[in-house]
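Q: Let me give you the structure first, and then I'll get to my questions.
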Amino acid sequence: MYKDIELKKNKLIIGVFLLAILVTAFSIMPVPVSANNPIDYLNATDALCLPGGLDPFSGVDCVLAGPAKRLDELGQIGITYPAQPLYITKPPFELNNIPFAYARVSNEEVPLYATIEDALANHPTNKLGLGKTKYVSLLQKISTEKGVFYQTSTSEWISADVITKIGIQYFQGFLFKENPKIPFGWILSETTSRKGPSYSSVETDNLYSRYNLVRIYDSKIENKTEWVMVGPDEWIDHRFVSRVIPNYEKPAGVESDRWIEVNLYEQVLIVHEKDRIVFATLISTGVDPFFTQPGVFTIYKRLVNEYMRGAFEADRSDYYYLEDVPFIQYYDQARALHGAYWNTLFGYQRSHGCVNLSVADAHWLFDWAQDGDYVYVWDPSGKTPTDPAFYGPGGV
(Lines give C-alpha, C1' and ligand atoms only; values in the text may rest on other atoms or scores of the structure.)
Protein backbone atom coordinates (compact mmCIF):
# COMPACT_ATOMS: atom_id res chain seq x y z
CA MET A 1 0.00 0.00 0.00
CA TYR A 2 2.80 2.36 0.92
CA LYS A 3 4.54 1.58 -2.41
CA ASP A 4 1.36 2.55 -4.33
CA ILE A 5 1.13 5.84 -2.48
CA GLU A 6 4.81 6.60 -3.12
CA LEU A 7 4.41 5.77 -6.81
CA LYS A 8 1.41 8.10 -7.17
CA LYS A 9 3.35 10.85 -5.36
CA ASN A 10 6.30 10.53 -7.74
CA LYS A 11 4.00 10.65 -10.77
CA LEU A 12 2.38 13.84 -9.42
CA ILE A 13 5.74 15.54 -8.93
CA ILE A 14 6.87 14.60 -12.44
CA GLY A 15 3.56 15.89 -13.88
CA VAL A 16 3.88 19.25 -12.12
CA PHE A 17 7.49 19.59 -13.30
CA LEU A 18 6.55 18.89 -16.92
CA LEU A 19 3.67 21.38 -16.72
CA ALA A 20 6.02 24.07 -15.41
CA ILE A 21 8.38 23.46 -18.34
CA LEU A 22 5.53 23.81 -20.84
CA VAL A 23 4.28 27.06 -19.26
CA THR A 24 7.78 28.51 -19.31
CA ALA A 25 8.29 27.53 -22.92
CA PHE A 26 5.07 29.16 -24.06
CA SER A 27 5.82 32.31 -22.06
CA ILE A 28 9.10 32.92 -23.86
CA MET A 29 7.91 32.07 -27.36
CA PRO A 30 8.46 34.99 -29.79
CA VAL A 31 5.43 37.13 -30.57
CA PRO A 32 5.10 38.60 -34.06
CA VAL A 33 5.37 42.39 -34.09
CA SER A 34 4.13 44.74 -36.78
CA ALA A 35 4.02 48.49 -37.21
CA ASN A 36 0.32 48.32 -36.40
CA ASN A 37 0.90 46.40 -33.19
CA PRO A 38 4.08 47.70 -31.51
CA ILE A 39 5.11 46.34 -28.15
CA ASP A 40 6.00 48.78 -25.37
CA TYR A 41 8.42 47.25 -22.90
CA LEU A 42 11.12 48.13 -20.41
CA ASN A 43 14.61 46.77 -20.50
CA ALA A 44 15.60 44.61 -17.56
CA THR A 45 17.98 47.36 -16.45
CA ASP A 46 15.30 50.13 -16.58
CA ALA A 47 13.86 51.40 -13.30
CA LEU A 48 10.60 53.22 -12.61
CA CYS A 49 10.92 56.64 -11.02
CA LEU A 50 9.52 56.81 -7.52
CA PRO A 51 6.78 59.43 -7.04
CA GLY A 52 7.39 62.66 -5.23
CA GLY A 53 11.18 62.71 -5.63
CA LEU A 54 11.58 59.83 -3.18
CA ASP A 55 14.01 57.83 -5.34
CA PRO A 56 17.13 57.10 -3.22
CA PHE A 57 19.09 56.69 -6.46
CA SER A 58 18.27 60.16 -7.77
CA GLY A 59 21.37 60.21 -9.94
CA VAL A 60 20.26 57.10 -11.83
CA ASP A 61 18.08 57.42 -14.94
CA CYS A 62 14.57 56.10 -14.45
CA VAL A 63 11.41 55.72 -16.49
CA LEU A 64 8.71 58.33 -15.76
CA ALA A 65 5.56 56.24 -15.61
CA GLY A 66 2.74 55.30 -13.27
CA PRO A 67 2.25 57.43 -10.13
CA ALA A 68 5.46 59.38 -10.76
CA LYS A 69 4.24 60.42 -14.21
CA ARG A 70 0.87 61.50 -12.82
CA LEU A 71 2.53 63.61 -10.12
CA ASP A 72 4.83 65.15 -12.72
CA GLU A 73 1.82 66.10 -14.89
CA LEU A 74 0.10 67.69 -11.89
CA GLY A 75 3.31 69.49 -10.97
CA GLN A 76 3.36 71.13 -14.40
CA ILE A 77 0.22 73.08 -13.40
CA GLY A 78 1.36 73.75 -9.84
CA ILE A 79 -0.34 70.88 -7.99
CA THR A 80 2.14 69.32 -5.60
CA TYR A 81 1.94 66.83 -2.74
CA PRO A 82 1.91 68.21 -0.18
CA ALA A 83 0.38 71.43 -1.54
CA GLN A 84 2.62 74.48 -1.82
CA PRO A 85 2.18 76.48 1.37
CA LEU A 86 0.76 79.98 1.42
CA TYR A 87 2.93 81.99 3.79
CA ILE A 88 0.12 84.15 5.14
CA THR A 89 -1.08 85.47 8.46
CA LYS A 90 -4.09 87.40 9.69
CA PRO A 91 -3.67 91.05 10.72
CA PRO A 92 -4.34 91.73 14.43
CA PHE A 93 -7.95 91.01 15.38
CA GLU A 94 -7.94 94.23 17.42
CA LEU A 95 -8.29 96.16 14.16
CA ASN A 96 -12.00 95.33 14.43
CA ASN A 97 -12.27 97.44 17.57
CA ILE A 98 -13.83 100.83 16.89
CA PRO A 99 -15.55 103.26 19.31
CA PHE A 100 -18.92 103.13 17.56
CA ALA A 101 -22.18 101.26 18.13
CA TYR A 102 -24.29 101.08 14.98
CA ALA A 103 -27.98 100.57 14.31
CA ARG A 104 -30.00 100.12 11.13
CA VAL A 105 -32.92 102.52 10.67
CA SER A 106 -36.23 101.24 9.29
CA ASN A 107 -37.00 101.96 5.64
CA GLU A 108 -39.82 104.41 6.18
CA GLU A 109 -39.46 108.12 6.92
CA VAL A 110 -38.24 108.52 10.51
CA PRO A 111 -38.47 111.58 12.83
CA LEU A 112 -35.42 112.99 14.63
CA TYR A 113 -35.44 115.21 17.70
CA ALA A 114 -33.04 117.96 18.72
CA THR A 115 -33.50 117.29 22.45
CA ILE A 116 -34.97 114.57 24.63
CA GLU A 117 -37.67 117.07 25.61
CA ASP A 118 -38.64 117.40 21.95
CA ALA A 119 -38.82 113.63 21.73
CA LEU A 120 -41.11 113.43 24.78
CA ALA A 121 -43.31 116.17 23.33
CA ASN A 122 -43.27 114.46 19.90
CA HIS A 123 -41.92 117.59 18.24
CA PRO A 124 -39.53 116.37 15.51
CA THR A 125 -36.93 118.86 14.31
CA ASN A 126 -35.57 116.76 11.46
CA LYS A 127 -36.21 113.52 9.64
CA LEU A 128 -34.54 110.70 7.75
CA GLY A 129 -36.24 110.11 4.41
CA LEU A 130 -37.34 106.87 2.81
CA GLY A 131 -34.45 104.55 2.10
CA LYS A 132 -33.13 101.02 2.53
CA THR A 133 -29.60 102.00 3.53
CA LYS A 134 -29.82 104.12 6.65
CA TYR A 135 -27.58 103.61 9.66
CA VAL A 136 -26.91 105.67 12.76
CA SER A 137 -24.11 105.66 15.31
CA LEU A 138 -25.40 105.54 18.89
CA LEU A 139 -23.97 107.63 21.74
CA GLN A 140 -26.30 107.23 24.71
CA LYS A 141 -29.62 105.71 25.70
CA ILE A 142 -32.45 107.14 27.82
CA SER A 143 -35.55 105.26 29.00
CA THR A 144 -38.66 107.42 29.46
CA GLU A 145 -42.38 106.98 30.02
CA LYS A 146 -42.72 107.53 26.25
CA GLY A 147 -40.26 104.76 25.41
CA VAL A 148 -36.54 104.36 24.83
CA PHE A 149 -34.56 106.93 22.85
CA TYR A 150 -30.98 106.99 21.59
CA GLN A 151 -28.78 109.97 20.89
CA THR A 152 -26.86 109.61 17.63
CA SER A 153 -23.48 110.97 16.56
CA THR A 154 -25.20 114.07 15.15
CA SER A 155 -26.49 114.78 18.71
CA GLU A 156 -30.07 114.18 17.57
CA TRP A 157 -32.43 111.69 19.24
CA ILE A 158 -34.17 108.74 17.63
CA SER A 159 -36.75 106.28 18.95
CA ALA A 160 -35.59 102.74 19.70
CA ASP A 161 -38.75 101.54 17.94
CA VAL A 162 -37.36 102.44 14.50
CA ILE A 163 -33.84 101.05 14.81
CA THR A 164 -32.17 97.64 15.07
CA LYS A 165 -28.71 97.36 16.58
CA ILE A 166 -26.13 95.59 14.41
CA GLY A 167 -22.64 94.21 14.80
CA ILE A 168 -19.86 94.51 12.26
CA GLN A 169 -18.68 91.58 10.16
CA TYR A 170 -15.38 90.19 11.41
CA PHE A 171 -13.83 89.37 8.04
CA GLN A 172 -10.13 90.02 7.48
CA GLY A 173 -7.79 89.53 4.56
CA PHE A 174 -4.22 88.22 4.74
CA LEU A 175 -0.72 89.57 5.24
CA PHE A 176 2.01 87.83 3.22
CA LYS A 177 5.31 86.67 4.67
CA GLU A 178 6.40 85.58 1.18
CA ASN A 179 4.98 86.24 -2.27
CA PRO A 180 2.39 83.65 -3.31
CA LYS A 181 3.64 81.42 -6.12
CA ILE A 182 0.23 80.49 -7.55
CA PRO A 183 -3.19 82.17 -7.61
CA PHE A 184 -5.57 81.55 -4.73
CA GLY A 185 -9.00 82.75 -3.78
CA TRP A 186 -11.91 82.90 -1.38
CA ILE A 187 -15.13 80.95 -1.86
CA LEU A 188 -17.99 83.47 -1.98
CA SER A 189 -20.99 81.19 -1.56
CA GLU A 190 -21.51 77.54 -0.64
CA THR A 191 -20.89 75.29 -3.62
CA THR A 192 -19.87 71.77 -4.61
CA SER A 193 -17.01 71.29 -7.06
CA ARG A 194 -17.36 69.28 -10.26
CA LYS A 195 -15.05 66.83 -12.02
CA GLY A 196 -14.86 68.98 -15.12
CA PRO A 197 -15.31 72.63 -16.15
CA SER A 198 -19.03 72.33 -16.92
CA TYR A 199 -22.39 71.98 -15.18
CA SER A 200 -22.81 68.77 -17.17
CA SER A 201 -19.84 67.29 -15.29
CA VAL A 202 -20.46 65.08 -12.27
CA GLU A 203 -20.29 66.71 -8.83
CA THR A 204 -17.52 65.68 -6.46
CA ASP A 205 -18.07 65.00 -2.76
CA ASN A 206 -16.29 68.24 -1.83
CA LEU A 207 -18.53 70.97 -0.42
CA TYR A 208 -17.02 74.45 -0.02
CA SER A 209 -18.34 77.17 2.30
CA ARG A 210 -18.10 80.97 2.20
CA TYR A 211 -14.61 82.31 2.92
CA ASN A 212 -12.94 78.90 2.44
CA LEU A 213 -9.48 79.46 0.92
CA VAL A 214 -8.62 77.55 -2.28
CA ARG A 215 -5.60 77.39 -4.58
CA ILE A 216 -6.27 78.08 -8.26
CA TYR A 217 -4.34 75.99 -10.80
CA ASP A 218 -6.09 76.65 -14.10
CA SER A 219 -9.14 78.26 -15.67
CA LYS A 220 -11.30 77.53 -18.71
CA ILE A 221 -14.27 79.13 -20.45
CA GLU A 222 -17.16 76.77 -21.20
CA ASN A 223 -20.46 78.09 -22.60
CA LYS A 224 -19.45 81.66 -21.68
CA THR A 225 -18.87 80.64 -18.04
CA GLU A 226 -15.40 80.74 -16.55
CA TRP A 227 -14.39 77.76 -14.42
CA VAL A 228 -11.39 77.54 -12.10
CA MET A 229 -9.47 74.40 -11.20
CA VAL A 230 -9.04 74.00 -7.43
CA GLY A 231 -7.57 70.48 -7.41
CA PRO A 232 -6.99 67.40 -9.58
CA ASP A 233 -10.14 66.94 -11.68
CA GLU A 234 -11.95 69.49 -9.50
CA TRP A 235 -13.57 72.64 -10.89
CA ILE A 236 -15.72 75.47 -9.51
CA ASP A 237 -17.74 78.12 -11.36
CA HIS A 238 -15.69 81.33 -11.12
CA ARG A 239 -18.76 83.23 -9.94
CA PHE A 240 -18.33 81.41 -6.62
CA VAL A 241 -14.68 82.46 -6.23
CA SER A 242 -12.71 85.70 -5.92
CA ARG A 243 -9.11 85.19 -7.05
CA VAL A 244 -5.84 86.84 -6.10
CA ILE A 245 -3.59 86.50 -9.15
CA PRO A 246 0.05 87.34 -8.30
CA ASN A 247 1.37 90.12 -10.53
CA TYR A 248 4.48 92.05 -9.59
CA GLU A 249 4.76 94.37 -12.58
CA LYS A 250 4.16 98.02 -11.76
CA PRO A 251 1.15 99.37 -13.73
CA ALA A 252 1.67 102.16 -16.25
CA GLY A 253 1.16 105.51 -14.57
CA VAL A 254 2.20 104.36 -11.10
CA GLU A 255 5.36 106.29 -10.21
CA SER A 256 6.02 104.86 -6.76
CA ASP A 257 7.02 101.55 -5.20
CA ARG A 258 3.77 101.60 -3.20
CA TRP A 259 0.38 101.08 -4.78
CA ILE A 260 -3.06 99.66 -4.05
CA GLU A 261 -4.54 97.42 -6.74
CA VAL A 262 -8.33 97.22 -7.04
CA ASN A 263 -9.40 94.35 -9.30
CA LEU A 264 -13.03 94.95 -10.30
CA TYR A 265 -13.50 91.58 -11.98
CA GLU A 266 -12.27 89.56 -9.02
CA GLN A 267 -13.54 91.98 -6.34
CA VAL A 268 -10.22 91.89 -4.50
CA LEU A 269 -7.79 94.52 -3.26
CA ILE A 270 -4.04 93.85 -3.28
CA VAL A 271 -1.41 96.03 -1.61
CA HIS A 272 1.99 96.18 -3.34
CA GLU A 273 5.28 97.40 -1.94
CA LYS A 274 8.25 97.25 -4.32
CA ASP A 275 8.35 93.66 -5.63
CA ARG A 276 6.20 92.22 -2.86
CA ILE A 277 2.53 91.58 -2.29
CA VAL A 278 1.94 92.78 1.26
CA PHE A 279 -1.79 92.30 1.79
CA ALA A 280 -4.89 91.06 -0.04
CA THR A 281 -8.59 90.97 0.78
CA LEU A 282 -12.16 90.92 -0.54
CA ILE A 283 -13.96 94.15 -1.39
CA SER A 284 -17.23 95.45 -2.80
CA THR A 285 -17.08 98.01 -5.61
CA GLY A 286 -19.70 99.89 -7.61
CA VAL A 287 -22.70 98.06 -8.97
CA ASP A 288 -24.09 98.82 -12.45
CA PRO A 289 -24.62 101.68 -13.34
CA PHE A 290 -22.60 103.17 -10.46
CA PHE A 291 -19.34 101.49 -11.44
CA THR A 292 -16.05 102.19 -9.72
CA GLN A 293 -14.05 104.10 -12.33
CA PRO A 294 -10.95 102.32 -13.71
CA GLY A 295 -7.72 104.30 -13.84
CA VAL A 296 -4.69 105.41 -11.87
CA PHE A 297 -5.36 107.76 -8.96
CA THR A 298 -3.71 109.01 -5.78
CA ILE A 299 -5.09 109.32 -2.26
CA TYR A 300 -5.75 113.00 -1.60
CA LYS A 301 -7.74 113.07 1.65
CA ARG A 302 -7.91 110.77 4.69
CA LEU A 303 -10.48 110.86 7.50
CA VAL A 304 -10.76 108.59 10.54
CA ASN A 305 -14.54 108.79 10.28
CA GLU A 306 -17.29 110.86 8.66
CA TYR A 307 -20.99 110.57 7.86
CA MET A 308 -22.09 110.05 4.27
CA ARG A 309 -25.45 110.60 2.62
CA GLY A 310 -26.90 111.06 -0.82
CA ALA A 311 -28.98 109.67 -3.68
CA PHE A 312 -28.31 109.11 -7.37
CA GLU A 313 -31.69 108.12 -8.81
CA ALA A 314 -34.01 110.95 -9.86
CA ASP A 315 -36.72 109.72 -7.49
CA ARG A 316 -34.16 109.34 -4.64
CA SER A 317 -35.20 105.70 -4.27
CA ASP A 318 -31.57 104.82 -3.56
CA TYR A 319 -31.21 107.36 -0.74
CA TYR A 320 -28.56 106.40 1.80
CA TYR A 321 -27.56 107.84 5.16
CA LEU A 322 -24.53 106.49 7.03
CA GLU A 323 -23.07 107.85 10.24
CA ASP A 324 -19.45 107.39 11.34
CA VAL A 325 -18.17 105.64 8.24
CA PRO A 326 -14.67 104.57 9.38
CA PHE A 327 -11.21 104.89 7.84
CA ILE A 328 -11.98 106.88 4.70
CA GLN A 329 -9.37 107.52 2.01
CA TYR A 330 -10.58 109.62 -0.93
CA TYR A 331 -8.76 109.03 -4.23
CA ASP A 332 -11.19 109.86 -7.11
CA GLN A 333 -13.59 112.76 -6.45
CA ALA A 334 -16.17 111.33 -3.99
CA ARG A 335 -14.93 107.77 -4.48
CA ALA A 336 -12.99 106.42 -1.53
CA LEU A 337 -11.58 103.34 0.12
CA HIS A 338 -13.45 102.94 3.42
CA GLY A 339 -14.88 100.57 5.98
CA ALA A 340 -18.45 99.44 5.30
CA TYR A 341 -19.99 98.18 8.55
CA TRP A 342 -23.35 97.68 6.81
CA ASN A 343 -21.95 95.37 4.12
CA THR A 344 -22.08 91.60 4.71
CA LEU A 345 -21.37 90.51 1.12
CA PHE A 346 -17.74 91.32 0.43
CA GLY A 347 -16.69 89.78 -2.86
CA TYR A 348 -19.78 91.12 -4.66
CA GLN A 349 -20.45 94.52 -6.25
CA ARG A 350 -22.55 96.51 -3.78
CA SER A 351 -21.55 100.18 -3.68
CA HIS A 352 -22.33 103.44 -5.47
CA GLY A 353 -18.72 103.65 -6.66
CA CYS A 354 -16.61 103.55 -3.51
CA VAL A 355 -14.40 100.60 -2.58
CA ASN A 356 -16.02 98.96 0.45
CA LEU A 357 -13.83 97.01 2.87
CA SER A 358 -14.52 95.31 6.18
CA VAL A 359 -13.88 97.56 9.16
CA ALA A 360 -10.71 95.67 10.13
CA ASP A 361 -9.33 95.69 6.57
CA ALA A 362 -10.09 99.40 6.15
CA HIS A 363 -8.34 100.01 9.48
CA TRP A 364 -5.22 98.10 8.37
CA LEU A 365 -5.17 99.89 5.01
CA PHE A 366 -5.61 103.28 6.70
CA ASP A 367 -2.61 102.57 8.95
CA TRP A 368 -0.47 101.45 5.99
CA ALA A 369 -1.36 104.10 3.40
CA GLN A 370 -0.21 107.69 3.09
CA ASP A 371 -1.39 110.79 1.27
CA GLY A 372 -0.24 110.50 -2.33
CA ASP A 373 -0.20 106.69 -2.47
CA TYR A 374 -1.34 105.31 -5.81
CA VAL A 375 -4.64 103.49 -6.35
CA TYR A 376 -4.74 101.39 -9.52
CA VAL A 377 -8.29 100.36 -10.48
CA TRP A 378 -8.76 97.93 -13.38
CA ASP A 379 -11.09 95.33 -14.81
CA PRO A 380 -9.28 92.48 -16.60
CA SER A 381 -12.60 91.35 -18.11
CA GLY A 382 -12.98 94.68 -19.91
CA LYS A 383 -16.66 94.92 -18.95
CA THR A 384 -16.41 98.12 -16.87
CA PRO A 385 -16.78 101.38 -18.85
CA THR A 386 -13.50 103.28 -19.13
CA ASP A 387 -14.71 106.52 -20.74
CA PRO A 388 -14.35 109.27 -18.06
CA ALA A 389 -17.46 110.96 -19.50
CA PHE A 390 -19.51 108.03 -18.20
CA TYR A 391 -18.68 108.85 -14.59
CA GLY A 392 -19.99 111.39 -12.14
CA PRO A 393 -18.40 112.18 -8.77
CA GLY A 394 -19.32 108.78 -7.30
CA GLY A 395 -20.49 107.84 -3.84
CA VAL A 396 -20.47 105.42 -0.95
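The values are calculated or read from the model by the stated rules, or taken from the named source; none is laboratory data. What you are looking at is a predicted structure, and each value in this text was computed from that prediction instead of being measured. Cβ placement follows ideal geometry from the backbone for every residue including glycine, while neighbour counts extend to all protein chains displayed.
Q: Which condition from (1) closer than 30 Å to Asp367 by Cα; (2) surrounded by 14 or more Cβ atoms within 10 Å (Cβ to Cβ) is the one that Trp235 breaks?
A: The failed condition is (1).
Q: Which residues, taken from segment 253-294, are over 13 Å from the mean Cα position of the chain (by Cα), more than 22 Å from Asp318 (Cβ to Cβ) and among the charged types (D, E, K, R)?
A: Of everything in segment 253-294, those that are over 13 Å from the mean Cα position of the chain (by Cα), more than 22 Å from Asp318 (Cβ to Cβ) and among the charged types (D, E, K, R) turn out to be Glu255, Asp257, Arg258, Glu261, Glu273, Lys274, Asp275, Arg276.
Q: Evaluate the following for Tyr376: is it modelled with pLDDT of 95 or more and more than 22 Å from Ser242 (Cα to Cα)?
A: When the stated conditions are applied, Tyr376 does not pass them.
Q: Let me spell it out: the conditions are (1) hydrophobic (A, V, I, L, M, F, W, C); (2) at pLDDT 95 or above; (3) on the phi < 0 side of the Ramachandran plot, and Phe327 meets all of them except one. Which number is the exception?
A: The number of the failed condition is (3).
Q: Which residues, counting only those in segment 255-269, are crowded, with 20+ Cβ neighbours inside 10 Å and part of a loop (DSSP other than H, G, I, E, B)?
A: Leu264, Glu266, Gln267 - these are the residues of segment 255-269 that are crowded, with 20+ Cβ neighbours inside 10 Å and part of a loop (DSSP other than H, G, I, E, B).
Q: Check off (1) surrounded by 20 or more Cβ atoms within 10 Å (Cβ to Cβ); (2) part of a loop (DSSP other than H, G, I, E, B) for Ala314 and give me the number that stays unchecked.
A: For Ala314, the failing item is (1).
Q: Across segment 349-396, which residue is nearest to Tyr321 (Cα to Cα) among those that are in contact (Cβ under 8 Å) with a residue 24 or more places away in the chain, of a type in the set (A, V, I, L, M) and part of a helix (DSSP H, G or I)?
A: Out of the qualifying residues, it is Val359.
Q: Conditions: (1) of a type outside the set (S, T, N, Q); (2) within 30 Å of Arg215 (Cβ to Cβ); (3) at pLDDT 95 or above. Ile163 meets all but one. Number of the miss?
A: So Ile163 meets the others, but not (2).
Q: Right, here's the next one. Collect the residues in segment 295-330 that are within 30 Å of Ala252 (Cβ to Cβ), aromatic (Phe, Trp, Tyr) and more than 28 Å from the chain's Cα centre (by Cα), keeping them in residue-number order.
A: Correct list: Tyr300 only.
Residue-wise test of (1) modelled with pLDDT of 95 or more; (2) assigned to a loop (DSSP other than H, G, I, E, B).
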{"position": "Lys250", "(1), (2)": "yes, yes"}
{"position": "Gly253", "(1), (2)": "yes, yes"}
{"position": "Val271", "(1), (2)": "yes, no"}
{"position": "Val278", "(1), (2)": "yes, no"}
{"position": "Val296", "(1), (2)": "yes, no"}
{"position": "Arg309", "(1), (2)": "no, no"}
{"position": "Tyr331", "(1), (2)": "yes, no"}
{"position": "Ala336", "(1), (2)": "yes, no"}
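Q: Can you name every residue in segment 62-121 that is surrounded by 12 or more Cβ atoms within 10 Å (Cβ to Cβ), assigned to a helix (DSSP H, G or I) and modelled with pLDDT of 95 or more?
A: Passing the criteria: Leu95, Asn96, Ile116, Asp118, Ala119, Leu120.
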